[in-house]
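Here the structure is laid out as structure tokens; the discussion comes afterwards.
The values are calculated or read from the model by the stated rules, or taken from the named source; none is laboratory data. Just so we're clear, the structure is a prediction, and the values are computed from it rather than from any experiment. Positions of Cβ are generated from backbone atoms using ideal geometry, with glycine treated the same way; all protein chains shown enter the neighbour counts. The area values use the complete protein model at the heavy-atom level, side chains included, leaving out ligands, DNA and RNA. Shrake-Rupley method; radii C 1.70, N 1.55, O 1.52, S 1.80 Å.
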Amino acid sequence: MYVRQLAVTDFRSWEHAELDFEPGASVLVGPNGQGKTNLLEALGYLSTLGSHRVSTDAPLIRHGTSRAILRTAVVHADRELTVELEISPGRANRARLNRAPVRRVREVLGVLRSVLFAPEDLALVRGDPAGRRRFLDDLLVLRSPRLAGVQADYDRVLRQRVALLRSAGAARRPGDLGTLDVWDAHLARHGAQLLGARLELVIELAPEVGAAYRALAPSGHPPALPAQLRYRSSLGELPHEAGRVDVEALEVAMLEQLARLRATELERGVCLVGPHRDDLELELSGRPAKGYASHGESWSFALALRLGSYQLLRRGGAEPVLLLDDVFSELDTHRRARLAEVALAAEQVLITAAVPVDVPEELQGGRFDVHDGQVRRVR
């Protein structure tokens, strides 16, 4: 899979930009603040329908305009597909696939599969659980776009249930409590599907991340501490059988936990049970990476999460586009070399850098200069 073309209009700092790419490595070079990251962010948005930098769409719209347009042409297995997104804060976004409107924006998910590594990824190790939950969910949808519907259904039920908890808790109306039973059932059904998918993902992802972390350890040094992933659920100890995920058992367990915590939920007006309360715990030699890992170890773990995701998607069939946003300048010589090895094997890798020397020589492919609101191909 590779991106043949990217065009953006009124996206971030760009009034308009259009780039033609080829398979292999392409490097976008320019001083900080010129909009290089914005172009990779646009590709990431086309891939996941979200930004890796902000949680809402409003900052993505160029100042003074009301909407942004993103368009890309993606080639996979000798077939080209075109995706166009119209981002309009305060209104429903719209999408086209091969110029034809789609009923739901999420129908374009899966056309472009990408893995983006950026300086913000350090927050996957050091930040809050919400970022790690999003990491899992984005990867879930890249592997199986249908799960975007499961996520949307869960989020919708969660919002409605929280609203009911607050009104019922304040008014103490028995009728509201009866309705709550219905929403508990909906939450447990959708939540068990999402939780089961996350658990299966972590089972498959963990060895890939562990292998990537070991590969990042400098040669001649003591062996790398084992990097492990552990899923922590609001249900506590999860029902399982020899690693097999039983979604029906998860649904039952979730209903039981909702019943146990109902009084507390009504008192606090929050939903205390479900995937929205979970975390992906990152461990080095049995200790939490957050708070214990050094700066270098944290960078290695963040990079291992992305490289593990990349390898997992590759095994799934459609090789993802690798997006590297100004990361080589953040890595030492050994880690730069390891990342370059992976990038060289990719069908397509798109890289941003402030100066050309930040990018390993073997990845100096097609080059675009980005400066003063213009992007120009120089080789």
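What to note about this one:
- Of all residues making up the stretch 324-349, the number that are more than 14 Å from residue 303 (Cα to Cα) and open to solvent by 30 Å² or more (accessible area, probe 1.4 Å): 4
- Qualifying positions in the stretch 302-335 - within 23 Å of residue 75 (Cβ to Cβ) and aromatic (Phe, Trp, Tyr): 310
- Once the stretch 244-301 is narrowed to residues that are under 30 Å from residue 338 (Cβ atoms) and among the basic types (Lys, Arg), the residue that is most open to solvent (accessible area, probe 1.4 Å) is 287.
- Given (1) more than 22 Å from residue 143 (Cα to Cα); (2) at pLDDT 85 or above; (3) surrounded by 13 or more Cβ atoms within 10 Å (Cβ to Cβ); (4) of a type outside the set (Ser, Thr, Tyr), index of the condition residue 212 fails: (1)
- Flag if residue 133 is closer than 18 Å to residue 49 by Cβ, open to solvent by 20 Å² or more (accessible area, probe 1.4 Å), at pLDDT 95 or above and within 17 Å of the chain's Cα centre (by Cα): yes
- Residues within the stretch 113-162 that are more than 24 Å from residue 32 (Cβ to Cβ) and not polar (S, T, N, Q), tallied: 32
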